[in-house]
1. Per residue, how much space in cubic angstrom lies within the convex hull of the C-alpha atoms of region 6-115?
2. Using a Förster distance of 25 angstrom, determine the FRET efficiency expected from the C-beta separation of residue 35 and residue 224, and round it to 0.05.
3. Helix-only estimate, please: 222 nm mean residue ellipticity of the chain, summing -39500 (n - 2.57) across DSSP H runs of length 4 or more and dividing by its residues, to the nearest 500.
4. At 1.306 mPa s and 10 °C, plugging the Kirkwood radius over alpha-carbon pairs of the chain into Stokes-Einstein gives what diffusion coefficient in µm²/s?
5. Want the number for residue 265 to residue 372: 0.36 nm per residue separation, take away the alpha-carbon distance, what's left?
6. Could you work out the pair-distance distribution P(r) of region 143-266 from its alpha-carbon pairs, with 10 angstrom bin width and percents rounded to whole numbers?
7. Quick check on region 268-373: take the gyration tensor over C-alpha atoms, sort the square-rooted eigenvalues as a ≥ b ≥ c, and tell me if it's rounded (a/c under 1.5), prolate or oblate.
8. Just grab the label-to-label distance for residue 278 and residue 190, each label 7 Å out from Cα along the Cβ direction, in nm (one decimal).
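Values quoted throughout were computed directly from the atomic coordinates according to the rules given, and no laboratory measurement underlies them. Note that the structure is predicted; figures quoted are calculated from it, not measured. All Cβ positions, glycine included, derive from the backbone under ideal geometry; neighbour counts span all protein chains shown.
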């Protein structure tokens, strides 16, 4: 059966060069990077060169990159330490964040009694900056947590503009950049965000490894304790092969950024044109969407909603209705629930997400398969 993978917002196909790098490190650099003998020092060298490579791509210093197991861990660590150790008593976020942020904020509110405010959204799913400024006018020690690229709709945050607003109000700024790192440039010398997070498997690297950018002198403390790895901020022996693979994946992604962005943009536009050609009244959910994600509402009857993904899977097509982290839930997407009417929520929406591995033939097969619903 022909296999078509259009679920790249969930995870991405690992690059062959990344596999080669990881295999080489596993075979030859197997020392513990905390050991002082030569094999340990060699592994430590791979680790630190990877850190420098990531820092160079983001225009920050190497000590500001801390390796974690994933974006979820990094989000939990930053938010929890901000409240517990930095004495943040007010968090401003939005209701369309990833659950790694939303659920963590709710837990912190319950444990520490902090004030939580949700910034208003415009009908197209973008942040209302006027409301953000109003929320920041309170005399509280505040952290703003807003994601850079929404994982369900592809809506982009003006991260530089929000960073300026936060700085003007002496608020810390944390952004979940899991969907954007490796897919668009981010210059941390120019954008005064305090904390960002990334996960390697979103940019054609391995699963189980990510990093946090923590601006120097932040004062964050560890989430859990053990050894002195990662400058004492993240205990546990570092998985050197995964870190090397992540650095390789990020380096290649940024080296090929212009070429692959052009290719993916063309695919998305072609997909929109084909869907509009074959289906009347199709709607695009969200606005100002980045080129890797297309969230569309299909003009199908409600009774077809439950079988849509199953039907496409039987055709060999991998897509989703929202975040893979909640794909087993029967509830509608919490993101779409904030921007769609009750009537539109009952209609089937698809999240189609692209990578440079996709082709127009993939789009053609998706459209043909949808026509048989």
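1. On the way: hull volume 17.6 nm³, N = 110.
So the per-residue hull volume is 160 Å³.
2. On the way: r = 22 Å, r/R0 = 0.87.
FRET efficiency, residue 35 to residue 224: 0.70.
3. On the way: 12 runs with 149 residues, N = 373.
My calculation for the chain gives -12500 deg cm²/dmol from helical runs alone.
4. Working: Rh = 21.6 Å.
Using the Kirkwood radius from Cα pairs, D works out to 73 µm²/s.
5. On the way: separation 107, 0.36 × 107 = 38.52 nm, distance 2.67 nm.
Difference between extended and current length: 35.8 nm.
6. Over region 143-266, the share of Cα pairs per 10 Å bin runs 12, 37, 37, 13, 1 percent.
7. Values: a/c = 1.34, a/b = 1.25, b/c = 1.07.
Judged from the Cα gyration tensor, region 268-373 comes out rounded (a/c under 1.5).
8. It is 4.0 nm.
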